[in-house]
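Written below as structure tokens is the structure these notes are about.
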Amino acid sequence: MRWKGRRQSSNIEDVRGRSSSRTRSSGRNPFGRGGIRLPSRRGGVGRGGMSFKSILLIGVVFLGLWAFGLVSPSDVLTQMGGAPTSNFEQTTTQTRQPSQSADEMTQFIATVLAETEDVWNGVMRAEGVNYPEPVLKLFSNQVQSACGFASSASGPFYCPADSKIYIDLTFYDELATRFGAAGDFAQAYVLAHEVGHHVQNVIGVLPKFNQMRRSMSKAEENRMSVRVELQADCFAGIWGYYTAQKGLLERGDLEEALNAANQIGDDTIQKRTQGFIVPESFNHGTSAQRKEWFSRGFETGRLSACDTFNAQI
């Protein structure tokens, strides 16, 4: 990806290396994939006015939600990797000296975030919707968010209560070594997916999802979570579409993103970690589904192509 020399976002809070003493999750996320963390018993996290086209799009999306018969609020936390972080054990972060590679990674992430800002400001403006830009918070080991405490084991995640994306950049080492998904565009895909959750928050998808989850069984919640996550993949693809239009992609970049989507599919991860799959426990989608929905966004660049709620999944 051609990123050097381009604008870097100023919407970044860097709290890496700050000493803190908190508890760490006893229910460690075995996959470290992050995702969204929904605050319990809170509403009104979605923002921004809607044009007629946007209202129509969301109306179509939520017809699919209502078709599931889910009508009550919920206070359950959702994460990409499955297990919520809670019951932290005592730990203290250590101050680390940033290396040259870490500094370059920070610059890369700031550039990718700026590119997502340009894309989504443009897309939302065309829809008549205000796009409040998210803040990216870089942390090490553990962090406090408006959605609760989280450790690095949770992976990158988005908190709709404060409109912030949280990431420990060491996750990218895990992405390359543990998941076999190396490459700068694979890294960009991860951030674009989290920004996709912010877009869902802005247009009202996450608030509605959070509201409807109280009456869901675990199986129903997992099925709906898959649709939410696949839409975020599709939104990441829309960002990829416009990035390609700018001529910023290099040979092999698309393949890197598709490989990352493949490596973090529920079925692939379960096969790798336990040797068998449990479809009813899927909450992000299979490898094939994640690749398909990223590709839909990448090939069309259209919000209407990302209606995972009415699609056969």
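Each reported figure results from applying straightforward, stated rules to the coordinates on display, with no laboratory input. Fair warning: this is a prediction, and the values are worked out from it, not measured in the lab. Every residue, glycine among them, receives a Cβ derived from its backbone with ideal geometry; neighbour counts consider all protein chains shown.
The figures follow:
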| read-out | value |
| --- | --- |
| Lysines whose Cα lies under 26 Å from that of K208, excluding same-chain neighbours fewer than 8 positions away | K53, K137, K164, K218, K291 |
| Fewest-first sequence of W293, W3 by Cβ atoms within 10 Å of each Cβ | W3, W293 |
| For the range 214-288: span of alpha carbons on each principal axis (Å, largest first) | 45, 31, 13 |
| Full-extension gain in nm, E255 to A176, via 0.36 nm per residue minus C-alpha separation | 27.0 nm |
| Distance (nanometres) between label positions extended 7 Å along Cα→Cβ at E104 and R2 | 1.9 nm |
| Using distinct alpha-carbon pairs, which all enter the 1/r mean, Kirkwood radius of the range 242-285 in Å | 12.2 Å |
| Simple label model, 7 Å out from Cα along Cβ direction - T300 to R125, nm | 2.4 nm |
